[in-house]
Each structure stands twice: as C-alpha cells, then as structure tokens.
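Just below is one structure, and these are the notes that go with it.
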Amino acid sequence: MATPSLLHGTYILVNGTTTYGSIANVYCDDGFKSPVSMVTCLASADWEEVNFILNGAYKLLNTSNTTYASLANVTCDVGYESNANATWATAKCIPNDCGAVPAVLNGIYTLLNTTNTTYGSLANVTCDAGYESNVSQVMCQANATWGHANCIPKDCGSTPVILNGAYKLLNTTNTTYASLANVTCDVGYESNISQIMCQANATWATAKCIPSDCGAILAVLNGRYTLLNTTNTTYGSLANVTCDAGYESNVSQVMCQANATWGHANCIPKDCGSTPVILNGAYKLLNTTNTTYASLANVTCDVGYESNVSQIMCQANATWATAKCIPNDCVAVPAVLNGRYTLLNTTNTTYGSLANVICDAGYESNVSQVMCQANATWGHVNCIPKDCGSTPVILNGAYKLLRTFNTTYASLANVTCDVGYESNVSQIMCQANATWATAKCIPNDCGAVPAVLNGRYTLLNTTNTTYGSLANVICDAGYESNVSQVMCQANATWGHANCIPKDCGSTPVILNGAYKLLNTSNTTYASLANVTCDVGYESNVSQIMCQANATWATAKCIPNDCGAVPAVLNGRYTLLNTTNTTYGSLANVTCDAGYESNVSQVMCQANATWGHANCIPKDCGSTPVILNGAYKLLSTSNTTYASLANVTCDVGYESNVSQIICQANATWATAKCIPNDCGAVPAVLNGRYTLLNTTNTTYGSLANVTCDAGYESNVSQVMCQANATWGHANCIPKDCGSTPVILNGAYKLLSTSNTTYASLANVTCDVGYESNVSLIMCQANATWAKAKCIPNDCGAVPAVLNGRYTLLNTTNTTYGSLANVTCDAGYESNVSQVMCQANATWGHANCIPKDCGSTPVILNGAYKLLNTFNTTYASLANVTCDVGYESNVSQIMCQANATWATAKCIPNYCGAVPAVFNGRYTLLNTTNTTYGSLANVTCDAGYESNVSQVMCQANATWGHANCIPKDCGSTPVILNGAYNILSTSNTTYASLANVTCDVGYESNVSQIMCQANATWATAKCIPNVILNGAYKLLSTSNTTYASLANVTCDANATWATAKCIPNGNIYSFDLIAISNGFHT
C-alpha cells in the first residue's frame, strides 16, 4: 500500500515495505516542521496519521486510541496560542500579538511592517537628539510584550579645561546630555556665560574667562593717578599715585582689582605728630584729633609766663613752629611793717624769684620767703607776735583760754580736770618760746577693795587703787556675778557686784520622754525635775538636777525589749538590725515561693511583743488576653498559685502549649497562637515588596509596596492572606501633570502630549532674568523639577567717592534692588538712591561738597577766605578781630551742614583784678573782667591813690594804681617835751617819732605814729608819778619786754594799762571804764 500524501512535506519508506509495522520517515518542506519524525503502518492497514498543526503539535491523550471521540491536546510553539480545545477538529497555532509599540522615553519605535505586531515582528528604535539606544531594534516577544530599549543621554565626559577659570558640575556624577556645569572664573575674571551644557553631539559647550575692566581711573583728592600702561585698564594693571605738595599717599600705586574697581589711595596731609614740649607752657590743638599740615595749636603759658606768639602751626615740612614762654617781672621788693625783705638773687626779680623775710625782734612771719607772683607782684607777709597755738592736750582734763581768741605770748588758760581728777596748778601761760606751760590732772584714790557676799574682788593691778582702776569679780562655786569687774569710781568709792545662783534654764529635750520641774518657777543651781518616759520606754533615773556648771544632769528613756522574732507559717521574719529587738525595731517578712504577706515588716510593740504577719498564696488574677485565642480556667473560682487554664486558638492559629499555670511570681505562664506562614514575598513588575517585619511572613503580616523611581502603586501595602498567599499590587508610571507656573518666565514641553516621568520642558525667562537650568524634568516624585528665573545680580555696591551706598535690603543686590546714597559729612548727592540695572551694573551717584556761601558777619572783627573762590565744605577763612579783641579760633571752616562755623571776637580777658599794695580794686561789674571793664581803687587806711579807677586794657592787663602813704607833715608841738622823727625824711603814714619829755616828766607813750587820717598821734609829758593811782609788777624781778604790771587807780579814777618796752619807757593807753568792776 502506498504512503499517503503529506501537506507541505513527504513520507519516505525506511525499508521500502508498506506492510504492517513498516516505518516511513517524515520530511517537511522548508519553513515547516512535523510534530513526529516518522509514521507506522497500523494493524488496520492504515498509516498512522500525522495530524500536522503549523507552529504547534498534537498529543494523544491515549496514544493507542485514535478512534472517534478520542482526544489529543494541542500544544503551540513558544509565541503562539491555540484556538482549539483538545479535539481532532482543526486547530491553529496563532502567533501572540504584542499590540501597538509602546512609548519609549526620549525616543520612538517604528514598525518595519506597520500591519504586523505579532510574535517575531520588528520595530526600529530612534532616539531623540542627545540620546542613544543600547539596541537598534525591538521584537514582539513570545509573551506578547515588546522587547525594551533604553534611550539614554549621550555622555560628554569630563568638562574641558578653561583658561583662568574652572567648570563645576551641578551633579558631580552626571556628564550626560543636558547636564550643566557652572562656570567659575579666577579672581579678576568674568565669564561670558554662567553655565555650559552637555550638547546633543556629546560635546560640552564652551565659555571664556575674560579679565575684568576697571575703566578709566578716577580722580583722587589732593593728587592724581598715572597709568603705567595707558592702553590697559584691566584686572592687575597699575597706576602710580602722585600727591599734591604737602600731602602724602598711603600707597605708591593702585591696581585694577578683581571686582573691576580701581584700588583707592588717599592723599592725606602730612602729620607733624604731637606738639613739642614748650618750657613753662603748653600747646593745645584747636582740633584735638588733627596734627596735620596747617593745623593750629594755641600757646598757653604757665601762670607767671607770657608767650611771644598766640598760636603755632604745623608747617609744610611736617614740623611745628616754635614759641617761647617768658617770665613776668615784679621789679624791686616793697617795704614790710615790722620787718624787711632781702633778695636771694639781687639781680633777679622775675616770676618765681625769692626774697627772704626777716622780722623784727618779738615778731615772726607766716612765711620765710616771698615770691615774685604770676601777676608780676611780690607776695605779701605780716610780721606778727608769736603764737603758742591751741592749748596742749592734758590727760584727764582740759585747758580754757581766759581770752578765747588770744593764744599769743603771755596769754593765760585755766586748768579744769575731769571728774575723778585734780590739777597741780590752776593756770598755764603761753611762754616766750611759743610753747605752753604744763599742768597735770591726778586721779582720786578709792583705797582697798571691799568684801562681796558669796565671792571676792581681786585687783588687776595690786599697786593701783586710783580712779578707773579695775578689780575682777570671782563668785563662789554655783554662783555668778552680774558684772565681771568693778571700777574705782570718780567719787573715790568702788563699784558694786552681786554673786547670784547660776540658772540652768529650761530643761533639755529627752528622746522618747519629758522632764517636769518640781518647782516650775525655779531652774537655778540644785533645782530638780522628774523624768517621765513615753509608752514603750523606761527611764534610767527618776529625777535630774541643775548642776554647778549651769547645765542639767541627763537621763535616758530606754525602749522595751521584745526578744527573738517568732516563727511564721509559709515564711520567716528577718531582723533589720540583728542586735536590736527593742521597741520600734523592725523585722522584714519573707514568704515562701508562691506566697505573699499582708505586711512587709513587723515591729516590736510597746507591750514588748512582736506584730504578726500572714503568708497567703499569691493570686494571678484573671487570665491574660491571648492574641488570636482564649484561656479557660479548669476551676473557675481559683486563680491562685498553681491553678491551671486550657488554651484555645482562633481558626488559622495554633497554640504552642495546651495549658498555662499561675506561677510563683503571681503571673500566668504565657502561650502563643501562631499564625499560618505565607512564605517569602513574590516579585512585582517595576517595583518590590518590603516586609514591615523582615522576620514575619505569617497571616496578617504586611509588606510595603515600593515602586521604582517614576512609578506608583494602586495600593501601599499587600498582606499575607488567610489562604497563606500574598495580596497583589501594580506599579504604573507617575504623571506630573501640567508644568507649573514659573515667576518671570515660562515652560514649554518638548513633547506636548507627554507629562509622565522623565519627560522634559524647556525653561524660558523674561528679559532681565536668567534661569538656573535650561530644562526641567518630570521627577520620580510626580512633581516637575523646579527652575528659577533669577534676576541679574549687580553684586556688592561699589565705592563712591566721599560717600557710600547702603542697600535697602542687605541680602538683595539683584536687578531692581535699591541702595540709598549717603554722602560723607559735608557732601551731597545728585540722587538719593541708585538701582541695580538690567545690565547687572549699579546706577551712579556723585557726592559733591556742599557750599556754605559767603562768610557771615562777625561782631568786632572780619573773616577772610584762604581761597577767595572756594566756599565749599572744609574750605577755611581766617578770623581777624579788632584791637582789644581776640578770636576764640584762628580760622572758621565751612561745615558739613553747609553753614560756616562761628567765631567770636571776645574782648580780651584781664582776669581777676590783681592785688594792689596797701589797697584793693573793686569791680564795677563783678561778672565782667574783659576789655574796657572798670574797677574802683580803694586804698587801705593811711594810703591814697593817684587814680580813682583802673581799666582792663587792650593787652588784657589791668591799668595800675599806686596806694601811697598819706603825709602827716611836721610833728606837732608837745608840752614839756619834744618829738624826734626816726627817719628825718619820712613823715608819711606809720612813720614814727620818738617822744622825749623834759626832766621830771614821763611820756604816756614812747613814740607817736603818723595816723591813717594824715595827722600825728598825740603824746603827753606827765609827771613821773602815776596820777590818781599806782603800778605793781606781776613779777617784781622782771621788767623786760612783755613783762606786766598791775595798775591800781584811786577811787573815781579811770583804768589804764601799761607795758615796759625794751628801752625802759612806759607805753599807756586809755581803757573804757567797767561799771562795778576793775581791770587786771
């Protein structure tokens, strides 16, 4: 029998026979394949049928049965699916269809055959500009999904080298297409762009670092700049600094700086430094902070000196001009009453020169020398009688002058002693050597100390019992004195002390007891108190006594003793202090395992017995809650130690034990109902599951769903389900939605229909703004990356000559920001503010000097400009005053507030009116001693002036007047005698004439004096006997200078005193009569 025909193939007999059991190989045409390699001739005389299926195979369910209704499974090749359900009816293996090609980030797929998207079909991969694919084509795969290509950004590699600068990647790990690198130039250079980008051709854009240009050099006050290279004003170029005459610069050159501004030099006036030392004077700067060229210093001479100039100036050579302070001259020394002056240096009468003072016998001067004073007059002294001064201190007494204002020679003072003392003399006298005679106040004597009850007195000094001496008081044992000592009193009797019993005071505190006085009002020595102890205590004594040392004896309240601790059922007692079983002592209660006490301690009680405790079984209480199960007590009324409870778990859980027990620690043993286990979490496309608890995959456990960057899940967690399988989640791409609004700019999508993860949008900024990035991307967090349209930055405000800029907002120097213009004192600006402009440069302001205009009028003087054409800030004008006036300043300056400083022409100040010998000046106006002011001249009694007033003169000195002694003329006639002038050529005030009486007469005075009223005093030549009285010497052997004699007048006569003067004459003067009394 011949072999049957075979569609798309042929049979070839193996051995040429076609009988039962013979075999034929199966060969398929090119592009086809057979499910079997051979067929066999069957017993039915039929060839085994090859039920051929394209791209698949049939497989009999029963290989020995191909009869009606027998079945064969259809198996398709990988990438194909069958349309049949395992019958001999025809089936087809249809290729899987992948559907439309998907989108690819940053590229597109293009089908080679636009009508075929089934298994094996191909699509070309085309990437967007700047991207490249890892494959050129993708294929529809067996699982009906398209193969995947990645359009990844091209890589530009490391940034190139830039001269005078550097590039810095925004993302140091990314050098791919559209990545950015900031351009940073070296100090002094600026870039033509702020960033470079990795371009689509995988090369970096380029930038240049251009040196900053400072532009033309500015003017410099009081000098000039000169470029070293007149064609170069860029960073690092130099200009020499040349200052005007009299000025010097802090630097020799300025440089164009990194911030495109020229360095600054100051041509400052030369500094003379501190003013020099001037002998006998001082310099005082008009401006204490300015010692520079043309600054002035006033010359002030020490008192007694005058300067040859009023001011010195800092000169052009940076040295100060000089001045001299010359001493004033007092001329010849004047006369002094009762003495004379003698120059130490007979050729020098200038300020500071000295003259010795020599007083006549019996007189002394308040100073030993006089000096030529600052006001060109000699100092003045008086030769006055010697003074003993205040009476000396007398121990335990006092002196009292007979005449309270007279302590001169021969004056007397009474002696008064303190209470308890007596003096050895009643008076002391001022002696010739200007010292007082002495007296003593001797203390009264109390005699031997007396006896004292319950004690004795003991003298501190056994040899002294006088007023103020002390004796210690010693009391007998148990007694004390109200005083420790007694004193010998002013009335020559001893003070008194009492020795009284000591007092112990309140009874002390006794621990666990109390004291009670037998006599509640007596706590003195030997008094008693009963002792009472608290319940549980007994005293060692029944009473205590107040002791001799004024302290109470002590007692103790001793606690009762309970003895050894007893036994306790199911436990034991343990003493806290094993050596103490007395009242109040404690013992801890310790129960056996599983038992507890109603108390933690027992105490030794007041009745000397121990407290009691019970050890009872511990109670575990209600059974605890078991998660996913329950406990059931075997005995529902017993939850104490060792009781049991059965464990039952919820469906799906199993317990680790069948029962739990109430334990010795009063807690139930624990059991667990353990959940079924789902095993490891499965994989999830475009994401992963992460167990919340990595060690738990049991029922109810959770795993967080984490999607890959740019994807999101429909659920946040999956759970291990009751059937021990995990729940399912899908990770789908995130969508960023519309691009956000950007202030001062706009976004434009590269693909208008794509806002999903990794899609891009160009950034465009408004005029005057620049973006920090050129593109933004839809990020993994489903938000668009942000860009900023940043206003151009002008940088720090520049310097402005004679002023400064101050930002309104110190943190903002961008386009549109403002800075206030503040000019230095004395300058003003043409604008109040400057703005950061669109080209990233600041607007400009000029600070120009303010103009003070014409100089003002000055009373009694005039101003003269140093520069007649300059009245602007800091310009100067000299001040000139009229004769008799001086200016308070030598110059005025145009001030910062555009007004001239003021000066005053002040009338010269003569100062206080000087002293005038033998007179005084009195100001007409006591508050005015300036030029033109007047002072009246008043001469002392006996003197008269050549003028009635003196005036403060233009040279700031007072006019001069002389008070000259009045002239009494010739001496008058004296009856029975004659006058003889001591100096025959001097009859002026205070001149003297000796009185000489005829024989048998004596003068009432030895001399007469020319008096203040220009008349001579009178004298009388009287008989030698004193009329109507008599003299009696106080010391009959002393008739020398200053010795005294009492004058006794007859009844109805008047008193006179008399003194023996050195030449033996008596000088007398009338005394006023004293009613009902007499002079001594």
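Going through (1) surrounded by fewer than 19 Cβ atoms within 10 Å (Cβ to Cβ); (2) more than 17 Å from residue 729 (Cβ to Cβ); (3) of a type outside the set (Phe, Trp, Tyr) one by one, residue 688 falls short only on (2). Residues of region 927-961 that are touching a Leu at 6+ places or on another chain (Cβ under 8 Å), under 30 Å from residue 990 (Cα atoms) and surrounded by 17 or more Cβ atoms within 10 Å (Cβ to Cβ): 935, 950. For region 749-769, the candidate set comprises residues that are surrounded by 16 or more Cβ atoms within 10 Å (Cβ to Cβ) and among the hydroxyl-bearing types (Ser, Thr, Tyr); within that set, the residue that is nearest to residue 787 (Cα to Cα) is 769. One residue is enough: does region 444-466 have a residue meeting the conditions among the hydroxyl-bearing types (Ser, Thr, Tyr), part of a strand (DSSP E or B), open to solvent by less than 80 Å² (accessible area, probe 1.4 Å) and farther than 30 Å from residue 398 by Cβ? The answer is yes; a qualifying residue exists. Every test in (1) of a type in the set (Gly, Ala, Ser); (2) open to solvent by less than 40 Å² (accessible area, probe 1.4 Å); (3) out of contact with any Cys (no Cβ under 8 Å at 6 or more places or on another chain) is passed by residue 799 save one, and that test is (2). Test residue 215 against the stated conditions and say whether it is assigned to a loop (DSSP other than H, G, I, E, B), open to solvent by less than 30 Å² (accessible area, probe 1.4 Å), within 27 Å of residue 840 (Cα to Cα) and out of contact with any Leu (no Cβ under 7 Å at 6 or more places or on another chain). For residue 215, the condition - assigned to a loop (DSSP other than H, G, I, E, B), open to solvent by less than 30 Å² (accessible area, probe 1.4 Å), within 27 Å of residue 840 (Cα to Cα) and out of contact with any Leu (no Cβ under 7 Å at 6 or more places or on another chain) - is met.
Where residues in region 309-319 are within 29 Å of residue 957 (Cα to Cα), hydrophobic (A, V, I, L, M, F, W, C) and surrounded by 13 or more Cβ atoms within 10 Å (Cβ to Cβ), which of them is modelled with the lowest pLDDT? Residue satisfying both the conditions and the ranking: 313. Take the residues of region 612-649 that are surrounded by 16 or more Cβ atoms within 10 Å (Cβ to Cβ), among the aliphatic types (A, V, I, L, M) and in a loop (DSSP other than H, G, I, E, B): which is farthest from the chain's Cα centre (by Cα)? Out of the qualifying residues, it is 613.
Residue-by-condition table, conditions (1) open to solvent by 80 Å² or more (accessible area, probe 1.4 Å); (2) on the phi > 0 side of the Ramachandran plot; (3) small (Gly, Ala, Ser); (4) in contact (Cβ under 8 Å) with a residue 60 or more places away in the chain:
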| position | (1), (2), (3), (4) |
| --- | --- |
| 307 | no, no, yes, no |
| 324 | yes, no, no, no |
| 374 | no, no, yes, yes |
| 377 | no, no, no, yes |
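Tell me yes or no: at least one residue of region 663-676 is among the β-branched types (Val, Ile, Thr) and exposed (fewer than 12 other Cβ atoms within 10 Å of the Cβ). Write out each step before concluding.
Of the residues in region 663-676, the ones among the β-branched types (Val, Ile, Thr) are 667, 670, 674.
Subset that is exposed (fewer than 12 other Cβ atoms within 10 Å of the Cβ): none.
No, region 663-676 contains no residue that is among the β-branched types (Val, Ile, Thr) and exposed (fewer than 12 other Cβ atoms within 10 Å of the Cβ).
When each of 210, 196 is tested for being assigned to a strand (DSSP E or B) and either closer than 24 Å to residue 801 by Cβ or open to solvent by 70 Å² or more (accessible area, probe 1.4 Å) (or both), the lone residue that passes is 210. A single member of 483, 531 is open to solvent by less than 60 Å² (accessible area, probe 1.4 Å) and either farther than 25 Å from residue 551 by Cβ or part of a loop (DSSP other than H, G, I, E, B) (or both), and it is 483.
For every residue, the table says whether it meets (1) within 44 Å of the chain's Cα centre (by Cα); (2) not in a loop (DSSP other than H, G, I, E, B).
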position	(1), (2)
241	yes, yes
248	yes, yes
251	yes, no
260	yes, no
275	yes, no
278	no, no
287	yes, no
317	no, no
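If you filter region 249-272 down to residues that are without any contact (Cβ under 8 Å) to a residue 40 or more places away in the chain, surrounded by 15 or more Cβ atoms within 10 Å (Cβ to Cβ) and small (Gly, Ala, Ser), you find that the one that is farthest from residue 844 (Cα to Cα) is 249.
The values are calculated or read from the model by the stated rules, or taken from the named source; none is laboratory data. Predicted model only: the values in this text are computed from it and were never measured. All Cβ positions, glycine included, derive from the backbone under ideal geometry; neighbour counts span all protein chains shown. Remember, those area values only see protein heavy atoms, side chains included, never the ligands or the DNA or RNA. Shrake-Rupley method; radii C 1.70, N 1.55, O 1.52, S 1.80 Å.
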